[in-house]
Amino acid sequence: MPVVLETRGLDKHFGGIIAANQVSLSIEKGARHALIGPNGAGKTTIVNLLTGVLKPSGGQILLDGKDITYLEPHERVRLGIARTFQINQLFADLTPIETLGLAISERLGLGKDWWRIVGSKAAVTEEIIELLERFRLGDVMRERTGILPYGKQRLLEIALAIACKPRVLLLDEPAAGVPEDERHEILATVEALPKDVTVLLIEHDMDIIFSFADRISVLVNGALFVEGPPDEVARDPRVKAVYLGEAFDA
Amino acid sequence: MAIASDSRPLAAEVAYFLTRRARWSPLEIAFWLLALASIWLFPTKHLILTEICIWAMFALSLDLILGYAGIISLGHAAFFGLGAYSAGLIGKYGFIPEPVLALVVSGLIASVVGFATSFLVLRGSDLTRLMVTFGVALMLGEIANKFSNITGGADGLQGVEIGPVFGTFRFDLYGHTGYVYALSVLFLMFVIARRIVRSPFGLSLQAIKGNALRSSAVGIAVNWRLVAIYTLAAGYAGLAGAVLAQTQAFASLEMFSIERSADVLLILIIGGTGWLYGGLIGALIYRFLQDELSGLTARYWQFWIGLILVAIVLTGRDRIGRWLTPAAKLADDVAKLRSGRPQRARR
Amino acid sequence: MLTILFDGVAYGMLLFVLACGLSVTLGLMNFVNLAHGAFAMAGGYVTVVLVNRWGVPFGLGLPLAFLAGAALGAVFERTLYVHVYAKSHLDQVLFTIGLVFMSVATVDYVMGSSQQFVNIPAALQGQIDLGGVGIGRYRLMIIVLCGLLTVALQLILAKTRFGSRLRAAVDDQRVARGLGINVGAVFGLTFAFGSGLAALGGALGAEILGLDPIFPLKYLIYFLIVVTVGGTSSITGPFVASILLGVGDVAGKYYLPTLSAFVIYTIMIIMLLWRPQGLFSRATSR
């Protein structure tokens, strides 16, 4: 499969702190790639670099071979990269309908319209409904996001990224903070993603990783440590050593 | 999982939900009908009502950036003064004798400067924005002061003559033409603003205000949207200032002052940000208060403004908003009766 | 040229004393206190009353002004400001602007709107001759006094326990609280002290800056410039910024009299765009 997302020697320093150290990733189209590592290893930094929230201190990021290293975040979304945040980043005062409608409109190029009334395009409304049903948000669609229960917010967080119809989806700990009994819903949506969407998943939950990923990269202290198919990584003694104290039952 | 209630299919349900706020509620229609009727109901109060209209326009322009985009400006009077002096100078030197045209030109001048300075408010924290907007207003005021041979300096712009509206309606001493003029401009500005904030663009502004990070993560070019609304708001403030200059045939340096910037902020806060009517309601309340309290201590009116600001903040602006919820609920219930659908009270 | 430099430095040091309280307040509590100038004004007027009307000696009037400012600050902080810390920046702006308006109107009512002067003692009037250059005595006194104050502040910050608690709280409030530092008390004391300094600055500055009811609004922009250009994580930052601003303003008024105001505002805007976090602070985002 062709490589769709690639980093070459990606570096990020904050003063004396090295958050990313010569990270070179190569992700194929349709891959289910997991990025794991101990807390503070720099996983979210990588996502922030990939999406343009942070500018790298060195190195390159390529999407379909095109250099996107210095593109603004919204420009990258236009090219097909979307992400979810580890801590929900939603619009507290907007309803799920409006939230999803916003992303869909932007994607369809209708977001800049200043004379048309919101809700007047059937194409947008259709897609909103489709997403609401897929993520089981229908019963709360008219509520302010700020008052929704955490599980529903998390589903909206993912739905919002999907609304951008990305070619590459970066999921930053999608199950974080979600109670045990609601995790399966999150898992189901992640599993149901279309096969041609490339997914980079950051997770701590090993069950999710092993049921989902076809390739795992291990990040330690900002540098890539080990990379390979799940069973290989699971057996690697160095990985177990790095995760001392963390549950790593393969 | 179908979530439709009543007999409407889901698509129509969602579409209805999104478009309902764009519909003019009966309360709104009543408000504007009353405003129109006020021309004949209060014939002796036209001068005061014109003043209220101008404050309302100014506060409306501030609402666009503060209530909808979350930009705190301490210098919005920069554009107000700019519009006023533009219209005043156009009138004085007879560049454009017809006032409506002069009004549009003044608004454009203000929006051009707004566009130029908008890039300054994109960077930095709230404090930086505060300072930059404050600084720009100070600068424009200084310019007006220094070029006193053109602007009249501290004495204000004298000798302004405004032609008749559409070549027919002279501005009279009792302010009748002035009021109809101001009210019409206000209404037009309001209708356009209302359309804009109910548009996808308007929704994206609310998103930016709520979470700029997430907004850019769904593909919104945050900075350009902010530049756009800031430019529009500057133009609107310029229109308000121009109407003042035209109805009073005068312009003065205090139109750039921090007192004016603070007053409009107060007016908008009293009425409430983010629902467009806040500026209008606030202007009514402000003028009413000014009349009442000036009776008490004419010169020290500023003290009461300060006290009201302090009181509002200490009480909590959202608490005051909650007191007004019954009125919002009433509007909603009336709408419910009209269409036979359940509504959700929103503020 | 040397006179301009000298006057500018005096002006700058005065600005520093006036503004450093604001800088610490912002750094410590992330609180935008636009009413800071009101405390300075209070100090000025207290000194006017004490020295001009009650015949208190100038040298005594200054520390009394400081105490008045500190007391006023302490009272306001505990009764009013404390309720506003957690509120949004907009609320803080509205609140402090409201206080400014109230103070301006009150002073106008009580003391009248004309500019007031403090009767400075004869020993501080006029000039002394230093190597052929005429040095204003009053300005010399300001430089010496403010210089000593700056050194004292730096020592307090660096060498005392209170200073280290303050620095910890500025650095990271939550961690400081977690270490058992009573951040509320630190802040109350610091606010009072900063207000006292502002009042002292107002008293000293009556002669140079002019004292009238609109003082807090007139000089607000200068205080804000000092704080944003100098940053909030040190004493040296605002100090250097104040000196630069003082010298720049005096030089501007002398060499480019018609454009002097523009120079200041333009430099400020450029500064804010180039380094929004200030010239001297560490790049921490707020």
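The values are calculated or read from the model by the stated rules, or taken from the named source; none is laboratory data. This is a predicted model, so every value here is computed, not measured. Neighbour counts run over all protein chains shown; Cβ positions are idealised from the backbone, glycine included.
Residues in the stretch A:166-181 that are over 12 Å from residue A:80 (Cβ atoms) and touching a residue at least 24 places away in the same chain (Cβ under 8 Å): A:171, A:172, A:173, A:174, A:175, A:176, A:177, A:178, A:179. One residue stands out among those in the stretch C:32-56 that are farther than 15 Å from residue C:215 by Cβ and assigned to a helix (DSSP H, G or I): the one that is farthest from the chain's Cα centre (by Cα), which is C:53. Residues of the stretch A:43-64 that are in contact with a strand residue (DSSP E or B) (Cβ under 8 Å, 6 or more places away or on another chain) and in a loop (DSSP other than H, G, I, E, B): A:54, A:56, A:57, A:64. Of the set (1) more than 19 Å from the chain's Cα centre (by Cα); (2) at pLDDT 95 or above, all apply to residue B:177 but (2).
Residue-by-condition table, conditions (1) farther than 23 Å from residue A:81 by Cβ; (2) in contact with a Leu (Cβ under 8 Å, 6 or more places away or on another chain); (3) not β-branched (Val, Ile, Thr):
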site: A:128; (1), (2), (3): no, yes, no
site: A:143; (1), (2), (3): yes, no, yes
site: A:160; (1), (2), (3): no, yes, yes
site: A:164; (1), (2), (3): no, no, yes
site: A:191; (1), (2), (3): no, no, yes
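Out of the stretch A:88-101, which residues are outside any helix (DSSP H, G or I) and surrounded by 24 or more Cβ atoms within 10 Å (Cβ to Cβ)? If the condition is that a residue be outside any helix (DSSP H, G or I) and surrounded by 24 or more Cβ atoms within 10 Å (Cβ to Cβ), then A:91 is the only one that fits.
Per-residue answers, yes or no, for (1) farther than 22 Å from residue B:133 by Cβ; (2) surrounded by fewer than 17 Cβ atoms within 10 Å (Cβ to Cβ):
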{"residue": "C:185", "(1), (2)": "yes, yes"}
{"residue": "C:189", "(1), (2)": "yes, no"}
{"residue": "C:197", "(1), (2)": "yes, no"}
{"residue": "C:204", "(1), (2)": "yes, no"}
{"residue": "C:208", "(1), (2)": "yes, yes"}
{"residue": "C:224", "(1), (2)": "no, no"}
{"residue": "C:246", "(1), (2)": "yes, no"}
{"residue": "C:264", "(1), (2)": "no, no"}
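It is to be established whether one or more residues within the stretch A:53-68 are surrounded by fewer than 20 Cβ atoms within 10 Å (Cβ to Cβ), of a type in the set (A, V, I, L, M) and at the interface with another protein chain (Cβ under 8 Å from one of its Cβ atoms). Yes, because at least one residue in the stretch A:53-68 is surrounded by fewer than 20 Cβ atoms within 10 Å (Cβ to Cβ), of a type in the set (A, V, I, L, M) and at the interface with another protein chain (Cβ under 8 Å from one of its Cβ atoms). Of all residues in the stretch B:258-269, none are more than 14 Å from chain C (Cβ to nearest Cβ), touching a residue at least 24 places away in the same chain (Cβ under 8 Å) and over 30 Å from residue B:173 (Cα atoms). One residue is enough: does the stretch A:79-87 have a residue meeting the conditions buried (at least 20 other Cβ atoms within 10 Å of the Cβ), touching a Phe, Trp or Tyr at 6+ places or on another chain (Cβ under 8 Å) and either facing chain B (nearest Cβ under 9 Å) or part of a loop (DSSP other than H, G, I, E, B) (or both)? No - not one qualifying residue is present in the stretch A:79-87. Looking at the stretch C:106-123, which of its residues are among the hydrophobic types (A, V, I, L, M, F, W, C), within 11 Å of chain B (Cβ to nearest Cβ) and in contact (Cβ under 8 Å) with a residue 12 or more places away in the chain? Correct list: C:107 only.
For the stretch B:162-170, the criterion of being hydrophobic (A, V, I, L, M, F, W, C), closer than 24 Å to residue B:19 by Cα and crowded, with 21+ Cβ neighbours inside 10 Å is met by none of the residues. The single residue among B:204, B:257 that is crowded, with 21+ Cβ neighbours inside 10 Å and either over 28 Å from residue B:98 (Cα atoms) or at pLDDT below 95 (or both) turns out to be B:204. Of the helices (runs of 4 or more DSSP H) that lie entirely inside the stretch A:108-213, those containing 3 or more residues that are among the aliphatic types (A, V, I, L, M), facing chain B (nearest Cβ under 9 Å) and crowded, with 16+ Cβ neighbours inside 10 Å span A:122-134, A:150-163. Criterion applied to B:144, B:193 was being buried (at least 21 other Cβ atoms within 10 Å of the Cβ) and within 14 Å of chain C (Cβ to nearest Cβ), and the one residue passing it is B:144. Scanning the stretch C:79-90 for any residue that is of a type in the set (D, E, K, R) and in a helix (DSSP H, G or I) turns up nothing.
Can you find even one residue in the stretch C:7-21 that is of a type in the set (A, V, I, L, M), without any contact (Cβ under 8 Å) to a residue 40 or more places away in the chain and part of a helix (DSSP H, G or I)? No: zero hits. Any residue in the stretch B:66-86 that is part of a helix (DSSP H, G or I) and of a type in the set (Val, Ile, Thr)? The answer is no, given that none of the residues of the stretch B:66-86 is part of a helix (DSSP H, G or I) and of a type in the set (Val, Ile, Thr).
Checked against (1) polar (S, T, N, Q); (2) out of contact with any Gly (no Cβ under 8 Å at 6 or more places or on another chain); (3) facing chain B (nearest Cβ under 7 Å), residue A:105 meets all criteria but (2).
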